[in-house]
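Enquirer: First, the structure itself, so that you have it in front of you.
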Amino acid sequence: MDKIVSAKRAGKGAEPARPTREQAEEAVRTLIRWAGDDPRREGLLATPGRVVRAYEEWFSGYNDHPHDYLKRTFEETGGYDEVVVLRDIRFESHCEHHMAPIIGRVHIGYLPRNRVVGISKLARLVEVYSRRLQIQEKMTAEIAACLEDVLKPHGVAVVAEATHQCMTTRGVHKTGVSMVTSRMLGVFRDHAETRQEFLAAIGLRGAIHSANGGG
Ligand SMILES: [Zn+2]
């Protein structure tokens, strides 16, 4: 366990000490027994295999390094110097506390200096960071930091809105509650007008006051 964690933390280059597929499937059988059922029951025989394959999809973000591909894919702005906003990028993630789904939307804004990036690349950026075990605050900050690093824009704004199934289906059982997190960098942090322009574009004007997260 410690090995896996430290290898993951070491990031790119370090090969995490992954368990085998068979070990992962055995872990699922253990959880099925923990839930109170019998993994040898016919309806459950293929379940460990399916769960492990689902994990490959839900957590595929560990295999990608968005800095690298964004660096290869930016384009010149052609003189465009207004705020770019992409809103309602749906994401599906899992909270790192309960491994329960977090489902929501991310809105991204940036004021380009001389580089822009295609819409599909921004959506892909969200996908890479969301397909990991996450907390929403960290994911929001990671998306903003990556864009800032690669595009070196005048500013970046990222807002995420999501519902956390660890909160709606267990524990306090609060349905209809969504969490909003934001990260404002550069002009979006320093100029209220630019920030308001972004918040108005995503339909959140006035909703976020000082909750800008630190840079
Ligand atoms: Zn949770």
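Enquirer: Using helices alone, I'd like the mean residue ellipticity at 222 nm for the chain: each DSSP H run of four-plus residues gives -39500 (n - 2.57), total over residue count, nearest 500.
Expert: -12500 deg cm²/dmol
Enquirer: With the cut-off at 1.5 for a/c, could you classify the stretch 120-207 from its C-alpha gyration tensor as rounded, prolate or oblate?
Expert: Since a/c reaches 1.5 but b/c is at least a/b, the shape of the stretch 120-207 is classed as oblate.
Enquirer: Run through the DSSP bridge list for the stretch 13-138 and note the antiparallel percent, rounded to the nearest 5.
Expert: 85 percent
Enquirer: Name the residue, out of 139, 99, 184, whose mean-square fluctuation peaks in a Gaussian network model built on the chain with Cα pairs under 10 Å.
Expert: 99
Enquirer: Here is a follow-up. Rounded to the nearest 5, what % of DSSP beta bridges with both residues in the stretch 78-138 are antiparallel? Mind showing how you got there, number by number?
Expert: Numbers: 9 of 11 bridges.
Roughly 80 percent of the beta bridges in the stretch 78-138 run antiparallel, per DSSP.
Enquirer: With each label point set 7 Å from Cα along the Cα-Cβ vector, what nm distance links residue 42 and residue 26?
Expert: Label-label distance for residue 42 and residue 26, simple model: 2.8 nm.
Enquirer: Okay, next question. Taking the chain as a Gaussian network, Cα atoms linked when under 10 Å apart, which of 48, 66, 153 shows the biggest mean-square fluctuation?
Expert: So, out of 48, 66, 153, the one fluctuating most is 48.
Enquirer: Which one, 60, 84, 184, projects farthest toward the positive side of the charge dipole computed for the chain from Cβ point charges (K/R +1, D/E -1)?
Expert: 60
Enquirer: Over the Cα atoms of the stretch 85-126, Rg to Rh with Kirkwood Rh, two decimal places?
Expert: Values: Rg = 13.0 Å, Rh = 11.8 Å.
That ratio equals 1.10.
Enquirer: Antiparallel DSSP bridges in the chain: what percent, to the nearest 5?
Expert: Values: 29 of 31 bridges.
Of the beta bridges lying entirely in the chain, close to 95 percent run antiparallel.
Enquirer: What is the Cα centroid distance between the stretch 21-48 and the stretch 81-118, reported in whole angstrom?
Expert: Value for the Cα centre distance between the two parts: 35 Å.
Enquirer: Here's a follow-up. Taking K and R as +1 and D and E as -1, what net charge do the other residues with C-beta under 11 Å from the C-beta of residue 134 add up to?
Expert: Local charge sum for residue 134: -1.
Enquirer: In a solvent-free Debye calculation with one equal scatterer on each Cα, what is log10 I(q)/I(0) for the chain at q = 0.08, 0.13 Å⁻¹, listed in the order of the q values?
Expert: Treating every Cα as an identical point scatterer, log10 I(q)/I(0) equals -0.35, -0.82.
Enquirer: Hey, can you rank 24-35, 100-111 by average C-beta count inside 10 Å, highest first?
Expert: 100-111, 24-35
Bear in mind that the values in this text are calculations on the coordinates, not laboratory data. Quantities reported herein were computed from a predicted structural model and do not represent experimental measurements. As a convention, Cβ positions derive from the backbone with ideal geometry for all residues, glycine included, and neighbour counts pool all protein chains shown.
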